[in-house]
Structures are given as C-alpha cells and as structure tokens.
1. Once you place label points 7 Å from the Cα toward the Cβ at residue 280 and residue 88, how far apart are they in nm?
2. At a Förster radius of 41 Å, what calculated FRET efficiency corresponds to the Cβ-Cβ distance of residue 23 and residue 150, to the nearest 0.05?
3. Given only helices, namely DSSP H runs of n ≥ 4 each adding -39500 (n - 2.57), what is the per-residue ellipticity at 222 nm of the chain, to the nearest 500 deg cm²/dmol?
4. From Cα pairs below 8 angstrom and at least 6 apart in sequence, can you work out the relative contact order of the chain, rounded to a whole percent?
5. DSSP beta bridges in the chain, what fraction antiparallel, as a percent rounded to 5?
6. Grab the Cα-Cα distance for residue 340 and residue 45, subtract it from 0.36 nm times how many residues apart they are, and report the gain in nm with one decimal.
7. As I understand it, the value is the acute angle between the Cα axis of helix 279-307 and the longest principal axis of the Cα atoms of the chain; what does it come to in degrees, rounded to 10?
8. Quick one: 168, 124, fewest Cβ neighbours within 10 Å first, how do they rank?
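Here, each number is a calculation from the coordinates, and none is a lab measurement. The structure displayed is predicted, hence computed values, not measured ones. Cβ placement follows ideal geometry from the backbone for every residue including glycine, while neighbour counts extend to all protein chains displayed.
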Ligand SMILES: Cc1cc2nc3c(=O)[nH]c(=O)nc-3n(C[C@H](O)[C@H](O)[C@H](O)COP(=O)(O)OP(=O)(O)OC[C@H]3O[C@@H](n4cnc5c(N)ncnc54)[C@H](O)[C@@H]3O)c2cc1C
C-alpha cells in the first residue's frame with residue numbers, strides 16, 4: 001500500500017487545477033465559497049463546461065463518454081474542484097442512476113438516457129424514500145400494476161431532493177405483494193411530465209426549498225422504462241447505494257469549509273484581536289483539522305485498496321460517519337465564529353441572509369442557514385446510526 005501520489009497523479013492534479021482556474025465562472029465561485037444558494041441553471045452551466053472538456057462524468061468509463069479515470073484521479077478531481085469553489089455535481093443522474101443504466105440497462109436505455117445525463121440536458125431525482133420507508137427501505141409501498149405494455153403507478157415518495165427541477169425520476173416500486181419485501185420491488189424510470197404526478201415542496205428548517213413530496217396517481221409508465229427484470233429491483237437499488245457512498249467522505253468540501261472558517265476567524269474583531277488567537281477557539285479548529293487529516297489518510301487507504309481491485313466495503317460507512325461529523329462540526333464553529341450575526345432564525349431573515357443582504361457582515365449572513373441545512377448529512381445516504389450498524393456487523397462481527 002503506497003499512500004503517496006505518483007508523478008502522473010501529481011501532473012493530473014496540476015492539469016485539473018489549471019483548467020478550473022481558467023474555466024470556473026467567477027460568479028459561481030463567489031456563490032460556492034460564500035455558501036450562497038445556487039440555482040439549477042448554475043449547476044447546469046458548470047456541468048456543461050465540464051462536459052465540453054470531456055470531464056462531465058468523472059466516474060464514467062470511456063465507452064459511455066466518460067474520461068475513464070481511476071478512483072484516485074476521481075478523488076483528486078473532486079478535491080481540486082471543491083477547493084476552487086466549483087458547484088458540486090448533482091449526483092442523482094451522474095452518480096446514481098447512470099451507473100445502474102450502464103450496468104443493468106438495455107442498449108436502448110443506455111443510448112436514450114446516458115448522453116443527456118452527461119450533457120445536463122435532463123435533470124434526475126431519486127424516488128426511493130417514502131413515509132414509513134427510509135432506513136427500512138424494503139417496506140416501500142408505492143404500487144406498480146402491470147396492464148399490457150404499461151405499469152400503472154400509485155403512491156407517494158418523500159424527501160425527493162430537487163424534484164422540482166427534475167425531468168425524470170428513478171423509482172423503486174412494489175410489483176409483487178405476495179413475496180418477501182425485497183423480492184417484490186422493481187426499478188422504474190419515470191418521466192416527470194407524465195399525467196398524474198404532483199410535486200409538493202417541503203420547506204426545511206433553514207427556509208430552503210430543496211426537498212419535495214412526489215405523488216403518483218394512476219401514472220402510466222411504459223414497461224420499456226423498467227431497468228432489468230421485474231421484481232429484481234432490490235439488486236439494482238443496492239448497487240446504486242454502493243455508488244452513493246463513493247467519495248461520500250466529502251474531504252474536498254470539508255477542506256474548503258475549514259479554510260473558510262480560518263479566514264473568518266482570522267478577521268480583526270472589534271477588540272482588535274482575531275478569534276483565531278483565542279487559544280480555546282484555535283484548539284477547536286485544530287481538533288477538526290486533525291480529524292480531517294486522519295480521515296484523509298483513511299480515505300487514501302480505501303482508494304489504495306480500490307486501486308488494487310478490492311471493492312470498497314463497509315469501510316465506506318466509516319468514511320460517511322466521520323466525513324459528515326467533520327462537516328457538521330465546521331458549520332458549528334462557523335456559526336460560533338460570527339457570534340450574534342448568526343442569530344436571525346426567522347424564515348424571511350434566513351432567506352434574506354442567503355442572498356447576502358441581511359444585517360451584519362456579508363460573510364456571516366448565510367452561516368446559520370448553512371448550519372441548519374448541514375444537519376441533513378447524518379440522515380441521508382443511509383443515516384449514521386445505520387452506518388454504525390453496518391460497522392458493528394461487518395467489521396466488528398457483533
Ligand atoms: C435533506 C434530505 C434529502 C433527502 N433526499 C432524498 C432523495 O432525494 N431521495 C430519497 O429517496 N430519499 C431522500 N432522503 C431520505 C433519506 O434517505 C432518509 O431520510 C433516510 O434514509 C432515513 O429515513 P427516515 O427519514 O424515514 O428515518 P427513519 O428510517 O424513520 O429513522 C429515524 C431514526 O431512527 C434511526 N434508525 C432507524 N432504523 C434504525 C436501526 N435499525 N438501528 C438504529 N437506528 C435506526 C435512524 O438513524 C434515524 O435517526 C433525504 C433525506 C433528507 C433529510
């Protein structure tokens with residue numbers, strides 16, 4: 001196991017750094033580095049820039065239009081674009097449904113869907129969770145009944161991130177109620193414009209509209225939009241969840257946010273002394289940085305194992321827990337660093353804060369909302385409690 005980057009990998013890092021320096025629009029960089037809200041157009045614009053360079057799908061194989069990078073190159077790429085302040089890739093198309101379509105989709109599905117995911121011409125969302133089916137996903141109830149060459153879908157999905165922008169949703173639906181729950185699930189690709197679909201916003205505690213409820217009432221879905229076999233959807237769903245946890249540690253983003261914390265804590269205070277000179281606060285920043293460095297080394301060990309062709313296993317759960325705890329700790333310190341300017345909790349104030357025009361210094365206004373928003377990290381992608389269960393069963397053998 002060699003945790004040092006090779007000369008080729010270092011040259012690759014330099015290439016990515018130079019490309020991003022020359023091609024990342026200044027307004028996007030400004031928004032990301034200051035925690036402001038990005039519009040769907042912002043994400044699409046950056047994806048199109050990467051696509052034009054041939055870097056639209058960092059994890060994609062060459063045969064599907066990807067650059068064919070190794071896991072280490074993908075890690076370097078993620079780290080560089082995060083540090084530079086580029087928007088993160090919206091994962092639902094690129095990192096979730098695309099690998100499923102590549103692995104289990106028909107050639108016709110591959111040709112129909114993959115190019116438009118890569119070029120950001122179609123936006124996807126994920127229809128897994130339902131009220132009562134989150135951690136216990138296999139208990140999902142959204143029903144799809146076969147009628148000739150269509151399924152008729154009825155039910156409800158929830159927490160559907162960015163469903164309000166989506167052209168397509170990939171859904172787990174129940175196609176057999178008579179068997180063990182895992183054996184009666186199918187994986188459907190559903191056009192969001194189909195009659196009978198209603199998207200209702202859920203406003204989260206930071207005032208943002210990021211998640212939704214999606215309702216299906218007699219929605220007609222062609223059988224040709226099913227991935228693989230009927231009732232084999234659980235296999236595809238688990239394959240997708242494995243991809244969801246790739247690079248889940250978010251080290252690039254945590255490093256960028258740590259740098260932001262240090263920038264803010266280094267500013268002159270009214271009493272003339274920057275907060276970072278306070279030994280207690282400096283020690284808390286140092287502790288987060290130590291944890292982040294340890295996580296980075298652990299992540300490199302996982303990548304090194306992947307390079308040696310060992311699939312990432314339950315260690316992804318360790319990365320998820322530590323990575324999300326660190327990101328949450330940084331948002332907590334950021335709020336504490338700006339003191340009373342992080343106080344306004346009324347929705348209108350937070351909405352104003354997100355745009356950077358509330359009372360107080362510009363850099364402080366989005367921090368309370370960022371803090372509240374980041375509580376989601378330990379819930380989605382498999383909650384941290386569920387990750388602990390995986391570690392106890394698969395690593396500790398309990
Ligand atoms: C901001 C946000 C965005 C999301 N986006 C999407 C999306 O786009 N698409 C989608 O399909 N889903 C999405 N989700 C849903 C997410 O995957 C679920 O919230 C998550 O799986 C947890 O399910 P739940 O909310 O039903 O909580 P529950 O499963 O009801 O869990 C409640 C609590 O009990 C704990 N718990 C549950 N079971 C166990 C157990 N066996 N052992 C120990 N503790 C347990 C959990 O950790 C949690 O703390 C999103 C969630 C959030 C918060």
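1. 3.2 nm
2. On the way: r = 44 Å, r/R0 = 1.07.
So, using R0 = 41 Å, E works out to roughly 0.40.
3. On the way: 13 runs with 178 residues, N = 398.
Rounded to the nearest 500, it is -14500 deg cm²/dmol.
4. Numbers: 636 pairs, mean separation 58.6, N = 398.
Once divided by the residue count of the chain, the mean separation gives 15 percent.
5. Values: 30 of 35 bridges.
Looking only at bridges with both residues in the chain, the antiparallel portion is about 85 percent.
6. On the way: separation 295, 0.36 × 295 = 106.20 nm, distance 3.57 nm.
That works out to 102.6 nm of additional length.
7. For 279-307 against the chain, the angle is about 40 degrees.
8. Values: 168 22, 124 26.
So the ranking, lowest neighbour count to highest, is 168, 124.
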